[in-house]
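The values are calculated or read from the model by the stated rules, or taken from the named source; none is laboratory data. Note that the coordinates shown come from a computational prediction; the quantities given were computed from them, not determined experimentally. Note that each Cβ is placed from the backbone with ideal geometry, even for glycine, and that neighbours are counted across all protein chains shown.
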Amino acid sequence: MTGGDPTTGSAPTRQASQPLVIERCAVATVDAEGHEYGDGHVVVDGGRIVAVGPGRAAAVPEGARRVDGGGCLVTPGLVNTHHHFSQWLTRGCAPDAILFDWLRELYPVWALLDADMLRAASLGSLVALASTGCTTSADHHYVFPAGAGDLLAAEVDAAAEVGLRLHLSRGSMDLGRSAGGLPPDDVVEATDAALAATAEAIDRFHDPGPGAMVRVTVAPCSPFSVTTELMREAAALARRRGVRLHTHLAETVEELQYCTETFGCTPMAYVESLGWVGDDVWFAHGVHLDEHATARLAATGTGIAHCPSSNGRLGAGIAPVPELLRAGVAVGLGVDGTASNESGQLGPEMRAALLIGRARAGAQAVTTRQALAMATIGGARCLGRQDELGSLEVGKLADVAVWRVDGAAHAGMADPVAALVLGSLPPLQLLLVGGRPVVEAGELVALDVASVARTVQQAATRLVQRWETVR
């Protein structure tokens, strides 16, 4: 990618970050050894971490900003592995429906989205993510109405405005209702057109280089909305171009039944037959996985985006996360679409993942440190960025969250990580992406949140008016 205009498919030019030293803070590095410091420091220079450890920093870069971290916990920035930004405009719809009924109700509404609406929805989604400690988010967009404008550029532009890293999952659907799929025929693409548009998205937006702010993933939507041909050819395209693969899998019992009746096998067996396993693949949900599927995920290095709040909201079931973790599967956390997780916040998913994992398998099934790891290094593994993101280690990108844990809601808690995971989500004192502040003292740096709210409301009103006109 070249240049600096997100509408032309390139990342915006970003000024170098100021060196920064955070001291007198608790630090949870989430590195392989689980290093933690009750009174430690993190030093950032050139957009990367240059020191982390106990006590005060031994060396301070010239011109560094010093941050007093007293009363704070410092962690890696959180990584969101599955989302649908567009759904910000349809929150609260079909509140009591299961997935298939929920989709049938909302597919026709999403077919009315345009680029301006998607930009507004993306801003709303990204503000919610940044405000709750997220520094990198994947987004899976799979509805491309004719005449809607440059939808992917709208997302890239919004991410640049907020300042978060974006893994843009170019979704697709080519199996309409008349051919046995779930979505209406008017929201699907022709197979060749979907593949061509996905290749174009890679050309325009994917940055394979270190420190990338935008990367592209090939992401056909699901077994019940995509033909076998598109699934197979999408995998071939991704591997030719060196990008990752993502799709929904094993989310509901209805999907399990669909795959059994249509393909004669489980969802996992179906996608594996098409080459959809490997350390370049991660699936959303994985609620209905048997022991064999878990073993295959572990053996092939395939990841899972765990979306506990969305799974609960839709009554999809409880994913076998304790079993996945024991097997060594890369498990990250995902908000999922905000029409099935109306809060849109990533931070609370740590608590949800811990509680639902223990409800499934007992008090030791998911620990506080495992919940934090899923939200950080586990997510980085799913996105293929574990060498750059997900832990506080020298040489990694300075994507850092500084949480205030000395307020009325958390003061006196003996363990700051437990305060973060088990308590109400602490406010952010500071959020850095590549060393640049995105949140300061709980406030977004680059955007006025009230203005974003007005933009979202206007877009949602326009969408409702369109829907009332055509239904």
- Message: For the condition out of contact with any His (no Cβ under 9 Å at 6 or more places or on another chain), among the hydroxyl-bearing types (Ser, Thr, Tyr) and either within 24 Å of Glu291 (Cα to Cα) or surrounded by 24 or more Cβ atoms within 10 Å (Cβ to Cβ) (or both), what is the one hit in Thr338, Thr376?
- Response: Thr376
- Message: Quick test of your reading of the structure: Gly315 fulfils all but one of (1) under 20 Å from the mean Cα position of the chain (by Cα); (2) closer than 27 Å to Arg177 by Cα; (3) at pLDDT 95 or above; (4) of a type outside the set (A, V, I, L, M). Name the failing condition by number.
- Response: (1)
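State yes or no: is Arg462 exposed (fewer than 14 other Cβ atoms within 10 Å of the Cβ) and over 22 Å from the mean Cα position of the chain (by Cα)? Talk me through it step by step, then tell me what you get.
Details: exposed (fewer than 14 other Cβ atoms within 10 Å of the Cβ): no; over 22 Å from the mean Cα position of the chain (by Cα): yes.
Considered against the rule, which asks whether it is exposed (fewer than 14 other Cβ atoms within 10 Å of the Cβ) and over 22 Å from the mean Cα position of the chain (by Cα), Arg462 comes out as no.
If I ask for residues that are among the polar types (S, T, N, Q) and either closer than 24 Å to Ala373 by Cα or at pLDDT 95 or above (or both), which ones from region 417-471 would you list? Write out each step before concluding.
Initial filter on region 417-471 (among the polar types (S, T, N, Q)): 424, 429, 451, 455, 457-458, 461, 465, 469.
Once the filter is applied, which keeps residues that are among the polar types (S, T, N, Q) and either closer than 24 Å to Ala373 by Cα or at pLDDT 95 or above (or both), region 417-471 yields Ser424, Gln429, Ser451, Thr455, Gln457, Gln458, Thr461, Gln465.
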- Task: State which residue pairs qualify: first residue on the phi < 0 side of the Ramachandran plot and inside region 90-111, second residue loosely packed, with under 15 Cβ neighbours inside 10 Å and small (Gly, Ala, Ser) in any location, beta carbons under 6 Å apart, and separation of 6 or more residues or different chains.
- Result: Ile98/Gly315
- Within region 197-210, which residues are free of Cβ contacts under 8 Å to residues at least 60 places away in the same chain and under 30 Å from Trp102 (Cβ atoms)? Ala197, Thr198, Ala201
- Note on the structure: Checked pairs for region 154-178, first closer than 24 Å to Ser225 by Cβ and touching a residue at least 60 places away in the same chain (Cβ under 8 Å), second in a strand (DSSP E or B) and of a type in the set (Gly, Ala, Ser), C-beta under 9 Å and 6 or more apart or across chains, list as His167/Ser137; His167/Ala138; Ser169/Ala138; Ser169/Ala219; Ser172/Ala219
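Considering every residue within region 365-374, establish whether at least one is assigned to a helix (DSSP H, G or I) and closer than 19 Å to Ile49 by Cα.
At the first step, the residues of region 365-374 found to be assigned to a helix (DSSP H, G or I) are 368-374.
Checking which are closer than 19 Å to Ile49 by Cα leaves us with 373.
Yes, because at least one residue in region 365-374 is assigned to a helix (DSSP H, G or I) and closer than 19 Å to Ile49 by Cα.
Which residues, taken from region 46-93, are out of contact with any strand residue (DSSP E or B) (no Cβ under 8 Å at 6 or more places or on another chain) and either of a type in the set (S, T, N, Q) or outside any loop (DSSP other than H, G, I, E, B) (or both)?
From region 46-93, those out of contact with any strand residue (DSSP E or B) (no Cβ under 8 Å at 6 or more places or on another chain) are 46, 62-63, 87-93; that's our starting set.
If the condition is that a residue be out of contact with any strand residue (DSSP E or B) (no Cβ under 8 Å at 6 or more places or on another chain) and either of a type in the set (S, T, N, Q) or outside any loop (DSSP other than H, G, I, E, B) (or both), then Gln87, Trp88, Leu89, Thr90 are the ones that fit.
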- Note on the structure: Contact list, first residue from region 211-234 and assigned to a loop (DSSP other than H, G, I, E, B), second anywhere and surrounded by 23 or more Cβ atoms within 10 Å (Cβ to Cβ) and of a type in the set (Phe, Trp, Tyr), beta-carbon distance below 8 Å, six or more apart or interchain, is Cys221/Tyr142; Ser225/Tyr142
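Residue-by-condition table, conditions (1) touching a residue at least 12 places away in the same chain (Cβ under 8 Å); (2) more than 25 Å from Ala97 (Cα to Cα); (3) assigned by TED's automatic domain parsing to the domain that holds Phe205; (4) of a type outside the set (Ser, Thr, Tyr):
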{"position": "Arg241", "(1), (2), (3), (4)": "yes, yes, yes, yes"}
{"position": "Val253", "(1), (2), (3), (4)": "yes, no, yes, yes"}
{"position": "Tyr258", "(1), (2), (3), (4)": "yes, no, yes, no"}
{"position": "Thr266", "(1), (2), (3), (4)": "yes, no, yes, no"}
{"position": "Ser273", "(1), (2), (3), (4)": "no, yes, yes, no"}
{"position": "Asp279", "(1), (2), (3), (4)": "yes, yes, yes, yes"}
{"position": "Ala293", "(1), (2), (3), (4)": "yes, yes, yes, yes"}
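In region 168-192, what count of residues is obtained for those that are exposed (fewer than 13 other Cβ atoms within 10 Å of the Cβ) and either in a helix (DSSP H, G or I) or not assigned by TED's automatic domain parsing to the domain that holds Leu245 (or both)? Show your work before the answer.
If we filter region 168-192 for residues that are exposed (fewer than 13 other Cβ atoms within 10 Å of the Cβ), which is where we start, we get 178-180, 185-186, 190, 192.
Imposing the further condition that a residue be either in a helix (DSSP H, G or I) or not assigned by TED's automatic domain parsing to the domain that holds Leu245 (or both) reduces the set to 178-179, 185-186, 192.
Looking only at that region, the number is 5.
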- Residues that are at pLDDT below 95 and surrounded by fewer than 16 Cβ atoms within 10 Å (Cβ to Cβ), drawn from region 13-43: Thr13, Arg14, Gln15, Ala16, Gln18
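Is it the case, given these coordinates, that Asp96 is of a type in the set (D, E, K, R), in a helix (DSSP H, G or I) and surrounded by fewer than 23 Cβ atoms within 10 Å (Cβ to Cβ)? Even if it seems obvious, please write down each step before you answer.
Working: of a type in the set (D, E, K, R): yes; in a helix (DSSP H, G or I): no; surrounded by fewer than 23 Cβ atoms within 10 Å (Cβ to Cβ): yes.
Answer is no for this residue.
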- Task: Take the residues in region 318-336 that are free of Cβ contacts under 8 Å to residues at least 40 places away in the same chain and assigned to a helix (DSSP H, G or I), then tell me which one is nearest to the chain's Cα centre (by Cα).
- Result: Leu324
- Query: Which of the residues belonging to region 197-210 are farther than 12 Å from Phe144 by Cβ and surrounded by 13 or more Cβ atoms within 10 Å (Cβ to Cβ)?
  - Reply: Ala199, Ile202, Arg204, Phe205, His206, Asp207
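Go through the residues of region 397-405 one by one and say whether even a single one is in contact with a Gly (Cβ under 8 Å, 6 or more places away or on another chain) and under 23 Å from Leu297 (Cα atoms).
Checking region 397-405: not a single residue is in contact with a Gly (Cβ under 8 Å, 6 or more places away or on another chain) and under 23 Å from Leu297 (Cα atoms).
Restricting to region 188-229, name every residue that is closer than 22 Å to Thr252 by Cα and β-branched (Val, Ile, Thr). Let's see the steps before the verdict.
Of all residues in region 188-229, those closer than 22 Å to Thr252 by Cα come to 188, 219-228.
Matches in region 188-229: Val188, Val226, Thr227, Thr228.
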- Query: Does Ala339 qualify as being in a loop (DSSP other than H, G, I, E, B), in the same structural domain as Thr294 (by TED's automatic domain parsing) and of a type in the set (Gly, Ala, Ser)?
  - Reply: yes
